[in-house]
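All remarks here apply to the structure that follows.
The values are calculated or read from the model by the stated rules, or taken from the named source; none is laboratory data. Note that the structure is predicted; figures quoted are calculated from it, not measured. Virtual Cβ from ideal backbone geometry, glycine too; neighbours counted across all protein chains shown. Quick note on the areas: whole protein, heavy atoms, side chains included, nothing else; ligands and nucleic acids left out. Shrake-Rupley method; radii C 1.70, N 1.55, O 1.52, S 1.80 Å.
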Amino acid sequence: MAEPSCMPCRGAAVSAEEPGGCDWVATGADLARAAGRWRGVIGMDTEFQRTDTFFPIPGLYQVAAGSGIWLIDPLAVDDWSPFTGMLTDPDTVKVVHACFEDLELFYRHLDVRPVNLFDTQLAAAFVSEDFSTSYAALVEGMIGVTLPKHHTRSNWLRRPLSGDQVRYAQEDVAYLVELHGALVDRLEAAGRRHWFDEDMRRRGRYAPREPPSYFTGVKKAWKLDGRQLAVLKSLCDWRERRAMAEDIPRNRVVWDEHLLQFAQQRSLDRMDIRRRLPPRVARLYGEGLLRAFEEGLEATPEATLPKPLSQRQGGLLKRLRDIGRRRARELGIAPELLARLRDIEACIRHYRATGSLSDTWQGWRKAVVGTEFMAELGRRA
């Protein structure tokens, strides 16, 4: 693939350093004109800031299509309908790399869940043994282009952007379309395109964690009884909503560890809060904590959370992981596709409850390891 060529970036949002070729999009009209050229397969990436906020702040969107690259300024564009139309167009393939954070940004900023995504990192896992291949490594290994190293930390909200930032933004999408073609060829040659498509549908569905469910992921919450869990749920729900309302990281409000400690108490008063929390935190959030604690005490007790696997179940988990790793080696795919710890643990729990494999182990995985998994589960679970 030839080095992409397009219009030089222009306007006050780009520094005087020579940044290379691209089209800077800063108005709704510019975006509408650009979107008219995005057809078929396009490359896409995002840059954002999240140092001191709960939600990601968009700093730049990048699109590559044909021989053009567009850098879209989310600090300036006022009409996003051409962009969201592209994201939700089922006939346009959106090629991304490691898409989870991109999906969150699209959801939080634009209230959109894109369709017809192709994640190059996931695709590579089906044709190599690396589950987390970097974009630079894929470009070098499959296209033969070595990308220069860049600083990983950059302020994408500053204007003007530096020439180095612009070059980095261009490079992050410049080879995605070519990677898509090469990876599709390899997937189809290996007979694994439908495997990838199945997993891509799952990976491409972004579902934000709702505040009331946060407590289930708190470390050591499984040790609590139903009453304590109801209190923890109320405390976590309050903390999540408070952090979201102020748009600050949750640990700037109250840490998980403190909420867990409070949930284990029979009662909570201002002295407890002042003793356990920094003065500023106690002063700002003490009343909210007290209300959430009392609401949790009055709530219906929660069902207890699953305990860690027993020693016997841990041995079963190891045997299932060994099966998955062996089959992955035989197939030349990333072992995480068949031997990820949390997936196998969920399978063991599901089998004990239902006598069947969990959803992750249906589809293509069932054909690859289902018979061996069911035999081991039948003997050991």
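Out of the residues in the stretch 277-327 meeting the condition of being in a helix (DSSP H, G or I) and small (Gly, Ala, Ser), tell me which one is farthest from Arg227 (Cα to Cα).
Once the filter is applied, the top-ranked residue is Gly324.
Looking at the stretch 229-255, I want the residues that are closer than 13 Å to Leu289 by Cβ and have a partner that is open to solvent by less than 60 Å² (accessible area, probe 1.4 Å) and of a type in the set (Asp, Glu) with Cβ atoms under 8 Å, at least 6 apart or on another chain. Which pairs are those?
Note: pairs meeting the criteria are Cys236/Asp256.
For a quick check of your reading of the model, give me the residue pairs whose first member lies in the stretch 68-83 and is touching a residue at least 24 places away in the same chain (Cβ under 8 Å), whose second is acidic (Asp, Glu) and surrounded by 18 or more Cβ atoms within 10 Å (Cβ to Cβ), with beta-carbon atoms closer than 6 Å and at least 6 apart or on different chains.
Close Cβ pairs satisfying both conditions: Trp70/Asp23.
Quick check on Arg274: is it assigned to a helix (DSSP H, G or I), of a type in the set (D, E, K, R), under 30 Å from Ala125 (Cα atoms) and touching a residue at least 12 places away in the same chain (Cβ under 8 Å)?
Numbers: assigned to a helix (DSSP H, G or I): yes; of a type in the set (D, E, K, R): yes; under 30 Å from Ala125 (Cα atoms): no; touching a residue at least 12 places away in the same chain (Cβ under 8 Å): yes.
The answer is no for Arg274.
Mind checking which residues of the stretch 67-96 are assigned to a loop (DSSP other than H, G, I, E, B), open to solvent by 10 Å² or more (accessible area, probe 1.4 Å), farther than 22 Å from Leu157 by Cα and at pLDDT 95 or above?
Thr88, Asp89, Pro90, Asp91
Restricting the stretch 212-228 to residues that are part of a helix (DSSP H, G or I) and crowded, with 16+ Cβ neighbours inside 10 Å, which is farthest from the chain's Cα centre (by Cα)?
Ranking the qualifying residues of the stretch 212-228, first place goes to Arg227.
Residue by residue through the stretch 277-299, note down the ones that are open to solvent by 30 Å² or more (accessible area, probe 1.4 Å) and touching a residue at least 60 places away in the same chain (Cβ under 8 Å).
Glu295, Leu297, Ala299
Looking at the stretch 361-374, I want the residues that are surrounded by 15 or more Cβ atoms within 10 Å (Cβ to Cβ) and have a partner that is in a helix (DSSP H, G or I) and β-branched (Val, Ile, Thr) with Cβ atoms under 9 Å, at least 6 apart or on another chain. Which pairs are those?
Between residues of the stretch 361-374 that are surrounded by 15 or more Cβ atoms within 10 Å (Cβ to Cβ) and residues that are in a helix (DSSP H, G or I) and β-branched (Val, Ile, Thr), the close pairs are Trp361/Ile344; Trp361/Val369; Val369/Ile323; Glu372/Ile323; Phe373/Ile323; Phe373/Ile344.
Look through the stretch 27-52, keep the residues that are of a type in the set (S, T, N, Q) and farther than 21 Å from Cys99 by Cβ, and return whichever of them is modelled with the lowest pLDDT.
Thr51
Kindly provide the set of residues from the stretch 36-53 that are under 15 Å from the mean Cα position of the chain (by Cα) and free of Cβ contacts under 8 Å to residues at least 40 places away in the same chain, ordered by number.
Across the stretch 36-53, the qualifying residue is only Arg50.
Determine whether Asp237 is open to solvent by 30 Å² or more (accessible area, probe 1.4 Å) and closer than 18 Å to Leu297 by Cβ. Quick ask: steps written out before the conclusion?
Details: open to solvent by 30 Å² or more (accessible area, probe 1.4 Å): yes; closer than 18 Å to Leu297 by Cβ: yes.
So Asp237 passes the test.
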